[in-house]
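Novice: First the structure, which I've put down as structure tokens, then a few questions once you've had a look.
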Amino acid sequence: MSRPRKGTTGEGTSEAKAERDQAGVPEAPVGAKERVPEVRLLLAKDSWLDEVQKGRRLSPRTVDAYQRDLADYTAFAATHRLADWIEATPTFVDGYFASLLRRGLASATVARRRSTLRGFHAFLARVGHRSDDPLALLPAPRRERKLPHALTRDDVELLLAQPQGESPVALRDRAMFELAYACGLRVSELVGLELAQVDMSGKVLMVTGKGDKQRVVPFGRPAQHALREWLERGRELLATRQRHSRVFTNARGGMLSRMGYWKILRGHARQAQIAAHVHPHALRHSFATHLLEGGADLRVVQELLGHASVTTTAIYTHLDRSYLREVHKQFHPRG
């Protein structure tokens, strides 16, 4: 029986060996030093990230996600003694995905990692670093698609009424919640909204969504009133020294972040004693669900949400089967 390497336990060594075997990586020769991340691994990774960042019109958040995914994949490759990506066999890649599941990562995260690796290995094949794609022989996993969680109309009313008082912060929070629910905005769209995108008299927003796609979204009188109150009596008091054109600011007058909005929303939900889980996109999901429950056309809701495909919007119909029955009854010849 061979003795464990210095600085490790027998159990740890056997676990690492088992993981290497499952990943399809051969055992290093006896006495050989473990290889640190090779330059070839890092250069290929950085080259693809550079192409993604400069050659495509992707958001910084998407590029950051690619960076994190590939950093994790590179660390896994280094741990399993890969010196070059040409050594990444289908068995190795499958072993990586298995390790993600053992770590308890959500299925959506694993699916995103798979998408990142597919793009990365396609890049390697395109530039001639290798001739095949190790992901091509792996079956695509079935992704569990969760239904979006929408608040009831009563809970929405409680949340909208929670920011009380006439302080600048209260005016801001009322305007944010009213606008988020009235327009079904993504969190990034809400906190990134510019003053020039607001047509107060026409009660519409010019929203820039994913992929820099623009859409026009109307809002009603409650949102108009709350937004006007914030802009006329609140924003100027907070943003006295800040020179930016964002509609919403943080408590110091600077640009509001996604995490800042999430903390504000969560705090008001707790104060309103809303039992349901209130997440950053709760008002967006509620906007879509309540429109469909009221009889809105699916294509119209798709346009308002900024979905590229109507199949993405169609998931909201699962929340209310009565909507499907009503559409069938109204439009089918034998409904």
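Novice: Tell me yes or no: at least one residue of segment 162-169 is in the same structural domain as PHE248 (by TED's automatic domain parsing), at pLDDT 85 or above, touching a Ser or Thr at 6+ places or on another chain (Cβ under 7 Å) and under 29 Å from MET259 (Cα atoms).
Specialist: If we filter segment 162-169 for residues that are in the same structural domain as PHE248 (by TED's automatic domain parsing), which is where we start, we get 162-169.
After this cut, where a residue has to be at pLDDT 85 or above as well, the list is 162-169.
Subset that is touching a Ser or Thr at 6+ places or on another chain (Cβ under 7 Å): none.
No, segment 162-169 contains no residue that is in the same structural domain as PHE248 (by TED's automatic domain parsing), at pLDDT 85 or above, touching a Ser or Thr at 6+ places or on another chain (Cβ under 7 Å) and under 29 Å from MET259 (Cα atoms).
Novice: Here's another thing I want to ask about it. Say we look at segment 54-86 and pick out the residues that are charged (D, E, K, R) and part of a helix (DSSP H, G or I); which of these is surrounded by the most Cβ atoms within 10 Å (Cβ to Cβ)?
Specialist: Filtering segment 54-86 for residues that are charged (D, E, K, R) and part of a helix (DSSP H, G or I), the one surrounded by the most Cβ atoms within 10 Å (Cβ to Cβ) comes out as ASP69.
Novice: For segment 255-276, how many residues are over 20 Å from ARG186 (Cα atoms) and surrounded by 19 or more Cβ atoms within 10 Å (Cβ to Cβ)? Write out each step before concluding.
Specialist: Let us first name the residues in segment 255-276 that are over 20 Å from ARG186 (Cα atoms), namely 270-275.
In the following step, the residues that additionally are surrounded by 19 or more Cβ atoms within 10 Å (Cβ to Cβ) were identified as 274.
Residues flagged as over 20 Å from ARG186 (Cα atoms) and surrounded by 19 or more Cβ atoms within 10 Å (Cβ to Cβ) within segment 255-276 amount to 1.
Novice: To continue, here is another question. Filter segment 119-133 down to residues that are basic (Lys, Arg) and closer than 12 Å to TRP48 by Cα, then give me how many there are.
Specialist: 1
Novice: Take ARG174 and tell me if it is more than 23 Å from THR313 (Cα to Cα), among the basic types (Lys, Arg) and assigned by TED's automatic domain parsing to the domain that holds ALA251.
Specialist: Yes.
Novice: In segment 87-133, what residues are in a helix (DSSP H, G or I) and among the polar types (S, T, N, Q)?
Specialist: Residues satisfying the conditions are THR91, SER99, SER107, THR109, SER115, THR116.
Novice: Still on this model: Answer with yes or no whether LEU159 is of a type in the set (A, V, I, L, M), modelled with pLDDT of 80 or more, outside any loop (DSSP other than H, G, I, E, B) and outside the structural domain of LYS45 (by TED's automatic domain parsing). Full working, then the answer.
Specialist: On the way: of a type in the set (A, V, I, L, M): yes; modelled with pLDDT of 80 or more: yes; outside any loop (DSSP other than H, G, I, E, B): yes; outside the structural domain of LYS45 (by TED's automatic domain parsing): yes.
Judged against the criteria, LEU159 is a match.
Novice: Listed residues LEU179, LEU237, LEU231; which is crowded, with 20+ Cβ neighbours inside 10 Å, in a helix (DSSP H, G or I), in contact (Cβ under 8 Å) with a residue 12 or more places away in the chain and among the hydrophobic types (A, V, I, L, M, F, W, C)?
Specialist: One residue alone meets the criteria, LEU179.
The values are calculated or read from the model by the stated rules, or taken from the named source; none is laboratory data. Everything quoted here is computed from the prediction, not taken from an experiment. When we count neighbours, we look across all protein chains shown, and the Cβ atoms used for this are built from the backbone with ideal geometry, even at glycine.
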